[in-house]
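Presented below is the structure to which this report refers.
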Amino acid sequence: MSVLRKVLVVEDSKLVHMMYDLMLSRFEIVHAHDGVEAAARLQEHQNLDAVLLDMNMPRMDGMAFLRLIKADPIFAKIPVVVVTTDGTEETCRRAVETGAAAFLTKPFKAEAILEVLNRLIPNHS
Ligand SMILES: [Mg+2]
């Protein structure tokens with residue numbers, strides 16, 4: 001039985017990956033650097049508890065990956081938190097309509113990420 005909650009981080013900035021490593025030390029983190037890599041990680045880690053998803057990325061952006069994950073019945077229930085510098089109302093509305101469970105703008109505080117993950121992942125201790 002897995003003790004740590006497992007979170008897929010989809011983000012093209014290495015610095016932001018390092019920040020997540022520090023902030024989410026009590027989680028197991030699976031790293032992906034664009035939507036294409038994230039789709040491959042999904043197949044390898046079918047027990048993900050949540051996804052933290054950047055929007056602006058090369059190859060496959062966050063909106064395309066969000067559509068992909070929400071269209072797949074195996075993965076559609078995993079809560080996706082969009083974390084982006086693009087905090088416009090339009091992007092937020094599109095993300096929520098596409099199935100995002102929450103929307104945060106960068107720069108973010110550790111408390112904001114933890115609050116969202118604790119809310120979205122059931123029975124989190
Ligand atoms: Mg980016």
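The values are calculated or read from the model by the stated rules, or taken from the named source; none is laboratory data. Since we're looking at a predicted model, the values are computed, not measured. Counting neighbours? That spans all protein chains shown, and the Cβs are built from the backbone with ideal geometry, glycine included. All accessible areas refer to the heavy atoms of the entire protein, side chains included, with ligands and DNA or RNA removed. Shrake-Rupley method; radii C 1.70, N 1.55, O 1.52, S 1.80 Å.
Couple of notes before you dig in:
- Residues considered: 110, 100. Of these, the only one that is under 12 Å from the mean Cα position of the chain (by Cα) and on the phi < 0 side of the Ramachandran plot is 100.
- Residues (assigned to a loop (DSSP other than H, G, I, E, B), at pLDDT 95 or above and of a type outside the set (Ser, Thr, Tyr)) located in region 75-106: 75, 76, 77, 78, 79, 99, 100, 101, 106
- Failed condition for residue 20, given (1) closer than 21 Å to residue 105 by Cβ; (2) away from the ligand (no atom under 14 Å from the Cβ); (3) not hydrophobic (A, V, I, L, M, F, W, C): (2)
- Of the residues making up region 64-75, those that are open to solvent by 10 Å² or more (accessible area, probe 1.4 Å) and either of a type in the set (A, V, I, L, M) or within 16 Å of the ligand (Cβ to nearest atom) (or both) are 64, 68, 71, 74.
- Test result for residue 41, basic (Lys, Arg), without any contact (Cβ under 8 Å) to a residue 40 or more places away in the chain and outside any loop (DSSP other than H, G, I, E, B): yes
- Residue satisfying all of: in region 31-46; open to solvent by 10 Å² or more (accessible area, probe 1.4 Å) and of a type in the set (A, V, I, L, M); farthest from the ligand (Cβ to nearest atom) among these: 40
- Among the residues making up region 22-37, those that are assigned to a helix (DSSP H, G or I) and under 15 Å from residue 83 (Cα atoms) are 23, 35.
- Residue check for residue 56: assigned to a loop (DSSP other than H, G, I, E, B) and within 16 Å of the ligand (Cβ to nearest atom): yes
- Residue within region 24-39 that is of a type in the set (S, T, N, Q) and under 16 Å from residue 117 (Cβ atoms) present: yes
To keep it simple, each residue is scored yes or no on (1) of a type in the set (A, V, I, L, M, F, W, C); (2) touching a Lys or Arg at 6+ places or on another chain (Cβ under 6 Å); (3) without any contact (Cβ under 8 Å) to a residue 12 or more places away in the chain; (4) surrounded by 15 or more Cβ atoms within 10 Å (Cβ to Cβ).
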site: 7; (1), (2), (3), (4): yes, no, no, yes
site: 18; (1), (2), (3), (4): yes, no, yes, no
site: 21; (1), (2), (3), (4): no, no, yes, no
site: 48; (1), (2), (3), (4): yes, yes, no, yes
site: 58; (1), (2), (3), (4): no, no, no, no
site: 83; (1), (2), (3), (4): yes, no, no, yes
site: 91; (1), (2), (3), (4): no, no, no, yes
site: 107; (1), (2), (3), (4): no, no, yes, no
